[in-house]
Amino acid sequence: MSSGKAKLSEEEMKAYRVQGFTCTNCAAIFENNVKELPGVQDAKVNFGASKVYVKGTTTIEELEKAGAFENLKIRDEKEQRVEREPFWKQKENIKVYISALLLVVSWFLGEQYGEEHVLPTIGYAASILIGGYSLFIKGLKNLSRLNFDMNTLMTIAIIGAAIIGEWGEGATVVILFAISEALERYSMDKARQSIESLMDIAPKEALIRRGNEEMMIHVDDIQVGDIMIVKPGQKLAMDGIVVKGTSTLNQAAITGESVPVTKTTNDEVFAGTLNEEGLLEVKVTKRVEDTTLSKIIHLVEEAQAERAPSQAFVDKFAKYYTPAIVILALLIAVVPPLFGGDWSQWIYQGLAVLVVGCPCALVVSTPVAVVTAIGNAAKNGVLIKGGIHLEEAGHLKAIAFDKTGTLTKGIPAVTDIVTYGRNENELMTITAAIEKGSQHPLASAIMRKAEENGLKFNEVTVEDFQSITGKGVKAKINNEMYYVGSPNLFEELHGSISSDRKEKIADMQTQGKTVMVLGTEKEILSFIAVADEMRESSKEVIGKLNNMGIETVMLTGDNQRTATAIGKQVGVSDIKADLLPEDKLNFIKELREKHQSVGMVGDGVNDAPALAASTVGVAMGGAGTDTALETADIALMSDDLSKLPYTIKLSRKALAIIKQNITFSLAIKLVALLLVMPGWLTLWIAIFADMGATLLVTLNSLRLLKIKE
């Protein structure tokens, strides 16, 4: 490790990565074990991201001791990820193979010599011990603390089965439990891979020029201000600003946008993006832990630690549910025999109830879905900052959009030029030359248009430039006085404007354009219409949202006429104009009273109060602005709305899958418990009900990986 002491988080907690978590419950046990270590003041485990945060002093050896019950491997947060051995080779899985082999052999021996013979019994016992020793250690420890979890329930059931002579079934239960745990580990790993793949996006080394020397340096040792040389086909290792060269960069890894973007001198570039064609020299602007990519990874990992509301419900439920199952099993085993039932039959039924009662499927039902959905979103350039926001986004009934910079590009552009009697280029040159002295935002649009058309307005001599407050400007060119300003200015100058020209102005204004006039004291020479351009994707996105049954509202500080024109063009269901920032905030509060669940989409800077007041704040262009990443609950990393319908679709699907999982886990338990009445419940059915449910719930959650735009 080259960077010495790793940077501590806000609360001075050091983070370590953990490998080998199998279940949320084991993560909780590990957290308690770490808290009890000498020198540790506090610890927090993030199961979704497989991390532990420790406050105080400890060593990796100590932490591994605390995780010995699960064979956990710990490494420093910054260390490179070690290559995982393939799933089928993992140590935990090898004991399953041996145990399964012994089970099959013992079953054959039982067929040969009869089930009561000592040989099959020894075989079954060996199978139980090899396949279940780690389960028993956990189960007995928990039993001594009266802590009832699935390990405790399974341990009682298997020992009970052996006591009443059901060795074969006991061994089968162990194997099936071990297989299901292995598959659960596999699917949890699969869900986590989407985040781990984010970590591998940016290279760990870069070619840096210091002075006249060029050298490959590890990202931890790259300083702000270093010059990074990026060849075609290479990925950028750090965030920075282009100082030399022009190229197209594929930013899909960060923003999710598939179309490459052209970058040249003074443009901002991000770690993890791919340089497609030219050679770039980039001045590094952030240390490796502060890059946009690092922030995304950090936020996604934090997001997974935050509990979704349904997760909190499940945890609370499981807390009361497990002891209730133990009491029920005990009653089933003891009460019927007191009234003349067969002891061994009812004890067997009681044990089966214990196995059915395992809350595995229920406990796993929410976290796997949340982790998978957040991982999938991150890969597609959408940052969802927690399970709670994922669920809330699925409930949204209305979404409010800030107009400028969200539905529109936020940059005014010239849309129409109407001339009367003189050459368009000549008039445009005069207008741009005069506007050069003006501070008005629309002036920049006119100058940009003149530059695009290659007009040399800088060479024109402008004399007697004067601003006419609130109406426009005037200046002398070639000894003639020209005026540029609003139509009102010319009404005052000329006394009136002819009706056909008035009609032309009104026509352009109804389209949401601002009209500027160029003229002299006697005549009008041209109209120039300027408008904030609509984003290409806005209309399509609003259409998709309306089809999903979501009310769309546009909020803007513009006047009602311009707002209506743009609102109609884009297709929103409601328009609110002439709003100040605090009006936006109040309107969001009103919408919340009406709909409960309301989203707000803004660019994160001036919209911060409204974003915070909405149920779900969505910020645009997270790749460029830190504000967006901090104030919003969901950040669209590209400067584009097209990911919004995908996010809503993903959230709704995640909600549906969580509901299916919880309902299914409880229903299957109920059906199995009803089989106790006629005495049909066997350990086989019990284990299949429990393990089958866990697997189906997990596989159902992994469907969230498939959701595309």
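Largest first and in whole Å, what are the equivalent-ellipsoid semi-axes of segment 351-507 based on the Cα gyration tensor, each being the root of 5 times an eigenvalue?
Working: eigenvalues 794, 65, 34 Å².
Square roots of five times the eigenvalues give 63, 18, 13 Å.
Please state, to two decimals, what the Cα-based radius of gyration of segment 613-703 comes to when divided by 2.2 N^0.38 Å (N = residues).
For segment 613-703, the normalised Cα radius of gyration is 1.72.
Which of the lysines could be linked to residue 589 by a straight reach, that is with a Cα gap under 24 Å, when you skip same-chain ones fewer than 8 residues away?
385, 397, 403, 576
Mind checking the alpha-carbon convex hull of segment 478-528 and giving the volume per residue in Å³?
Values: hull volume 3.5 nm³, N = 51.
So the per-residue Cα hull volume is 68 Å³.
Calculate, in nm to one decimal, what residue 212 and residue 61 gain on full extension: separation in residues at 0.36 nm each, minus their alpha carbon distance.
Once the chain is fully extended between residue 212 and residue 61, it gains 50.0 nm.
Using DSSP H assignments, which helices in the chain have an axial alpha-carbon span of 27 Å or above and a mean Kyte-Doolittle hydropathy of -0.5 or higher?
Those that pass (Cα extent of 27 Å or more, hydropathy at least -0.5) are 91-113, 118-144, 167-199, 309-338, 643-674, 683-702.
Taking amide hydrogens as modeled 1.01 Å from N in the peptide plane, which residues meet the under 5 Å criterion relative to residue 410, leaving out close sequence neighbours?
Close amide H contacts, sequence-distant or interchain: 405, 533.
When the Kirkwood hydrodynamic radius is evaluated over all pairs of different C-alpha atoms of segment 238-390, what value in angstrom, to one decimal, is obtained?
Every distinct Cα pair counted, the radius reaches 19.9 Å.
Could you tell me the ratio Rg/Rh of segment 242-303? Both radii from Cα atoms, Rh via Kirkwood.
Working: Rg = 12.4 Å, Rh = 12.4 Å.
Rounded to two decimals, Rg/Rh equals 1.00.
Taking segment 25-73 on its own, what percent of its Cα-Cα pair distances exceed 14 Å? Spell out each step's value before the answer.
On the way: 487 of 1176 pairs.
Everything past 14 Å amounts to 41 percent.
Once fully extended, how much extra length lies between residue 147 and residue 339, figured as 0.36 nm per residue of separation less the alpha-carbon to alpha-carbon distance?
So the extension gain works out to 66.0 nm.
With a 1.4 Å probe and all protein chains left in place, how much of the accessible area of the chain comes from carbon and sulfur atoms, in whole percent?
C and S atoms contribute 56 percent here.
Once you put a point 7 Å from the Cα of residue 101 and another 7 Å from the Cα of residue 200, both along the Cβ direction, what distance in nm separates them?
Between residue 101 and residue 200, the label points sit 3.2 nm apart.
Which entry is the computed Cα Rg over 2.2 N^0.38 Å for this structure: [x] 0.98; [y] 1.27; [z] 1.12?
Of the listed options [x] 0.98; [y] 1.27; [z] 1.12, [y] comes from this structure.
Say R0 is 30 Å: what FRET efficiency, to the nearest 0.05, do residue 316 and residue 140 get from their beta-carbon distance?
0.65
Within a Cβ distance under 11 Å of residue 176, other residues only, what is the Lys/Arg minus Asp/Glu net charge?
Every neighbour counted, the sum reads -3.
Project the alpha carbons of segment 472-626 onto their principal axes and report the range along each, largest first, in whole Å.
Taking the Cα atoms of segment 472-626, the three principal extents are 62, 33, 27 Å.
Kindly flag which residue pairs out of 231/295; 643/706; 539/708; 73/379; 55/295 have an alpha-carbon separation exceeding 18 Å in this structure.
On the way: 231/295 25 Å; 643/706 16 Å; 539/708 20 Å; 73/379 27 Å; 55/295 22 Å.
Listed pairs above 18 Å: 231/295; 539/708; 73/379; 55/295.
For the residue pair residue 452 and residue 276, what label-to-label distance in nm results when each label sits 7 Å from Cα along the Cα-to-beta-carbon direction?
2.2
Using r as the Cβ-Cβ distance of residue 32 and residue 264, and R0 as 41 Å, what FRET efficiency do you calculate, to the nearest 0.05?
0.15
Round to the nearest 0.05 the FRET efficiency obtained for residue 125 and residue 302 when R0 = 51 Å and r is the Cβ-Cβ distance.
Calculated value: 0.60.
Of all DSSP beta bridges in the chain, what percent run antiparallel (nearest 5)?
80
Pull out the extension gain between residue 582 and residue 465, defined as 0.36 nm times the separation in residues minus the alpha carbon to alpha carbon distance; nm, one decimal.
Working: separation 117, 0.36 × 117 = 42.12 nm, distance 3.79 nm.
Taking residue 582 through residue 465 to full extension adds about 38.3 nm, to one decimal.
Tell me the trypsin sites (Lys or Arg not before Pro) within segment 419-463 that lie in a loop according to DSSP and have at most 14 other beta-carbon atoms within 10 Å. Before the final figure, lay out the partial values.
Working: sites: 422, 436, 448, 449, 456; in loops: 422, 436, 456.
Those that pass, being in a loop and sparsely packed, are 422, 456.
Once you treat every alpha carbon in segment 379-461 as an equal point and sum by Debye, what is log10 I(q)/I(0) at q = 0.20, 0.23 Å⁻¹?
With one equal scatterer per Cα and no solvent, log10 I(q)/I(0) is -0.96, -1.15.
Taking the simple approach of a point 7 Å from Cα along Cα-to-Cβ for both residue 500 and residue 290, what is their distance in nm?
About 6.3 nm, to one decimal.
The values are calculated or read from the model by the stated rules, or taken from the named source; none is laboratory data. All figures in this text were calculated on a predicted structure; none of them were measured in a lab. For neighbour counting, all protein chains shown are included, and Cβ atoms are generated from backbone atoms with ideal geometry for every residue, glycine included. Heavy atoms of the whole protein, side chains included, go into the accessibility calculation; ligands, DNA and RNA do not. Shrake-Rupley method; radii C 1.70, N 1.55, O 1.52, S 1.80 Å.
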